[in-house]
Amino acid sequence: MFIIDAPVEETIELENNIYLLKVFAPEITSIIKPGQFLNVRVSDRMHPLLRRPFSACDVIGDHLYLMFNILGQGTNILAHKPKGSTIDVLGPLGKGFNLNGDYDTAVIVAGGLGSAPFPYFTRALADKKEILSFIGGRTHHDVITYGMKNIKIATDNGSNGFNGNVVQLLKKDLETLKSKRTKFFACGPTPMLRALRTFCIENDFDCEASTECAMACGFGICQGCPIESVHQKEKYLLVCKDGPVFNIKDVII
C-alpha cells in the first residue's frame, strides 16, 4: 500500500457526465489487481475532508485510470483537475477478483457505473478466458461499455438492447450460460446485486461481487463500512478490508 502524489495526465469525458481520469502511478500499477480500489483525496484543502474510494478502472503500463461521474463537490473538483496537477492517492486497497479457477467463461454483470472495474478486469483476463459482458442501465444514457467486449445490453426502458433489467437478460440466456463452465463477476447497484445473488444461488453459479459502501479510512481502522456475513463466526465483515469483492453467497446484500 502506497500514498503517492499522482500527476494528472488527462481527463476525458466519455459521455453523459462520465469521466475518465488518467494519472501516472507506477508504484501502484505494478501491484494492483482487478477489483481493488484507491482512496483519493481530491483537494489539499480542509473541505472536502474525506477521501473518495474509486475502483481501478484500467491499468496501462505506468498509468492508472479512474472512472466516475460528478455527484458532488469532490467529484466536480476531480473532473476539473488540470494536466500537471497531482492527486493524493492511497492504494491499492481491499481484495480484488480471483481470476483463477475451474471455469472457461467469465460472465461480467455490471449496472451503471458498476462497469468501472471491468476494463482492467477484461484486459487482465482476455487472453485466458472467454468473456461475456452483460451491461445494464435505466436508460441508454446509463449504459457504460468502455473497455468491455462481447457485450449484451439491457435497459429498464428499452431504449437500448433488451427491454428489462440485466438479471432478466441473464434469465433469457440461462440455457446458454448453463451449457458453459462459467463464473460470474459483478458490480452495480444494490438491487441488481440482490437479484443476481438470488439468480446465482437458484442456478448454482459461482459469483464474485464488488460491493459498495460509504467509507472513510479505506483499510479497516474506522470500522465504518460493515457488511453482514452469512457465517455466524464473523457476523459482520468490512467492505474495505475483507472486500470489496466477496463471494456473493457469503454476504447479505
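Quick notes on this structure:
- Over the chain, relative contact order from alpha-carbon pairs under 8 Å, at least 6 apart, %: 17
- When the convex hull of its Cα atoms is projected in every direction, mean area for the stretch 145-185 (nm²): 3.4
- Residue by residue, the stretch 16-22 carries 3J(HN,Hα) couplings of 6, 6, 9, 10, 10, 9, 9 Hz when phi is fed to the Karplus relation 6.51 cos²θ - 1.76 cosθ + 1.60 (θ = phi - 60°); x denotes Gly or Pro.
- Gain upon complete extension [Cys222, Ile12; 0.36 nm per residue less C-alpha separation]: 72.3 nm
- Cysteines without a disulfide-compatible neighbour (Cβ-Cβ under 4.7 Å), the chain: Cys57, Cys187, Cys240
- Protein accessible area in the stretch 1-144, 1.4 Å probe - carbon and sulfur %: 50
- Close amide H contacts of Glu212 (hydrogens built in the peptide plane, cut-off under 5 Å, sequence separation of 5 or more or a different chain): none are found.
- Taking amide H atoms as placed 1.01 Å from N in the peptide plane, the amide H of Ile108 lies under 5 Å from those of Leu132, Ser133, Phe134, Phe185, each 5 or more residues away in sequence or on another chain.
- Karplus-based coupling profile of the stretch 76-90, in residue order and whole Hz: 5, 4, 5, 5, 10, 5, x, 4, x, 6, 10, 10, 7, 10, 10, with θ = phi - 60° in 6.51 cos²θ - 1.76 cosθ + 1.60 and x standing for Gly or Pro.
- Anchor Lys81: lysines whose Cα lies under 27 Å away (excluding residues fewer than 8 positions away in-chain): Lys22, Lys33
- Bridge orientation summary for the chain: considering DSSP beta bridges with both residues in this region, about 60 percent are antiparallel.
- Across the stretch 184-198, rounded Karplus estimates of 3J(HN,Hα) from the backbone phi angles (6.51 cos²θ - 1.76 cosθ + 1.60, θ = phi - 60°) give 9, 9, 9, 7, x, x, 4, x, 5, 5, 5, 5, 5, 4, 4 Hz, Gly and Pro being marked x.
- The chain, Rg to Rh (Cα coordinates; Rh as Kirkwood inverse mean 1/r): 0.96
The values are calculated or read from the model by the stated rules, or taken from the named source; none is laboratory data. Quick caveat, the model's predicted, so the values are computed rather than measured. Cβ: placed from backbone, ideal geometry, glycine included. Neighbour counts: every protein chain shown. The area values use the complete protein model at the heavy-atom level, side chains included, leaving out ligands, DNA and RNA. Shrake-Rupley method; radii C 1.70, N 1.55, O 1.52, S 1.80 Å.
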